[in-house]
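Data first, discussion second: the structure below is written as structure tokens.
The values are calculated or read from the model by the stated rules, or taken from the named source; none is laboratory data. Note that the structure is a prediction, hence the values are computed from the model and not measured. When we count neighbours, we look across all protein chains shown, and the Cβ atoms used for this are built from the backbone with ideal geometry, even at glycine. SASA here: full protein model, heavy atoms, side chains in, ligands and nucleic acids out. Shrake-Rupley method; radii C 1.70, N 1.55, O 1.52, S 1.80 Å.
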Amino acid sequence: MIILGIETSCDETGIALYDTDSGLLNHALYSQIDMHSEYGGVVPELASRDHIRRILPLIEQVLSKAQLALGDINAIACTQGPGLAGALLVGASVAAALGYALNIPVLGIHHLEGHLLSPLLSTPAPQFPFIALLVSGGHTQLMQVNGVGQYRLLGETLDDAAGEAFDKTAKLLGLGYPGGAALSELARQGRPGKFKLPCPMIDSGDLNFSFSGLKTAVLTLINKQHMNPQTSADIALAFQEAIVTVLTEKSLAALSHTNLNQLVVAGGVGANQRLRRHLTRKTASIGATAFYPQLEFCTDNGAMIALAGAMRLQTNDKIRQATAGSFTVRARWSLSPGGVNTKR
Ligand code: KG4
Ligand code: ZN
């Protein structure tokens, strides 16, 4: 069965073709980052308009590279939420129109489900059940994943997401938007131990996070220093160390709390090399294993949506979630059972 995956929840148009027998056939991504960076963040209306421009040429491109035609597609999976309503509507309406024209099912996929299943695109792949650390620009969550559609929220951020903290701190240091990758690049020049920043909620006794105070601590530090390129790098390193330490400690606590031994890291911040190295070493030290998506599948992409659609189609009817002709989007949408946050 061949599934067309469509992702348009924010500022990336991602398209992919996934074959349930042979895996990922082809994928393509158009990032709008250059367009939004001059405004210092994503402008929703510009995002929607650009998705309209990109989506059909990208679908044609992946089909032609995979040497397939529209008629070869057996189902469509598109991101139904959460995300920017207008941007989501572009993907959902194209998916609904194609589904109607081709008379094939259309599945509305939760964006975070795509992220947390994305390590299954790589080999070796984790086996259910596992713990997922979802760290993106909009979310920071620890989930227990028992199977497709079986997600238990263990903890989440009470304020800023990890990616948001990276972006806001990068802005304070005069780096562009989004600043996560630039900040971690700058941190490579930083001198270890030059500054120490607090590790928020590290001893809170639960699996929740809080990152807004860390950004304020960076601002206070900047205001006290005579800033120069070396000081900026030292602060970037201290910030990254604090965030990596908290994410690692809470992930280890989630593994021990659930008695599981596989950790899956997903979302844009999962591209951070320092986080990967630290998590790999720390999980190994307790006899557990960390799995990461390939770098290109850490940030938003169509492959993870096509994969999630394929996995849902292969599970029982109850969780197939075919949207059958409609194209409702859900700008806000919890991944936990029944759409309700289930805190421990
Ligand atoms: O998952 P994603 O592409 O989009 C959302 O769904 O939010 O994540 C984007 C986030 C941004 O905040 C970006 O700054 C961050 O991921 N990011 C990084 C790195 N690469 C991307 N953060 C830290 N280190 C990186 N190397
Ligand atoms: Zn995302």
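Ligands, DNA and RNA left out, the 1.4 Å accessible surface of the chain is 52% carbon and sulfur atoms. Distance from the Cα centroid of region 176-224 to that of region 84-159 is 28 Å (rounded to whole angstrom).
Comparing Cys298, Cys78, Cys199 in a Gaussian network model of the chain (Cα springs below 10 Å), the most mobile by mean-square fluctuation is Cys199. With springs only between Cα atoms under 10 Å apart, run a GNM on the chain and tell me which of Ala242, Ala77, Ala254 wobbles the most. Of Ala242, Ala77, Ala254, the Gaussian network model singles out Ala242 as fluctuating most.
When only alpha carbons of region 128-292 are considered, Rg and Dmax amount to 15.6, 52 Å. In the Gaussian network model of the chain, springs joining C-alpha atoms below 10 Å, which of Gly268, Gly99, Gly180 carries the largest mean-square fluctuation? Largest GNM mean-square fluctuation: Gly99. Computed from the C-beta positions of Asn103 and Ile222, the FRET efficiency with R₀ = 45 Å rounds to 0.15.
So how many Å³ per residue does the convex hull of the Cα atoms of the chain work out to? Let's see the in-between values first.
On the way: hull volume 43.7 nm³, N = 344.
With only Cα atoms used, the chain gives 127 Å³ per residue.
Taken about its Cα centre, the chain carries a charge dipole of roughly 820 debye when the Cβ of each Lys and Arg holds +1 and the Cβ of each Asp and Glu holds -1. Working note: Karplus 6.51/-1.76/1.60 with θ = phi - 60° gives region 251-262 the couplings 5, 5, 5, 5, 5, 5, 4, 9, 6, 9, 10, 10 Hz, where Gly and Pro are set to x. Taking 14 Å as the straight-line reach from the Cα of Lys168, the aspartates and glutamates in range (excluding those fewer than 8 positions away in the same chain) are Asp159, Asp160.
How much FRET efficiency would the formula 1/(1 + (r/R0)^6) give for Asp21 and Gln294, where r is the Cβ-Cβ distance and R0 is 22 Å, rounded to 0.05? Intermediate results must be reported in sequence, preceding the final value.
Details: r = 20 Å, r/R0 = 0.93.
Result of the calculation: an efficiency of 0.60.
Legend: residues Tyr100, Tyr39, sorted from most to least accessible area (1.4 Å probe; ligands, DNA and RNA excluded), read Tyr100, Tyr39.
In µm²/s, what is D for region 99-216 at 25 °C and 0.890 mPa s, where D = kT/(6 pi eta Rh) by Stokes-Einstein and Rh is the Kirkwood radius from Cα pairs?
Details: Rh = 16.8 Å.
Calculated translational D: 146 µm²/s.
Give me D for region 21-84 in µm² s⁻¹, whole number, from Stokes-Einstein with Rh from the Kirkwood sum over alpha-carbon pairs, 20 °C and 1.002 mPa s. Kindly include the intermediate steps, with their values, before the conclusion.
Values: Rh = 13.9 Å.
The estimated diffusion coefficient comes to 154 µm²/s.
Solvent exposure of the chain amounts to 43 Å² per residue of accessible area, where only protein heavy atoms count and the probe is 1.4 Å.
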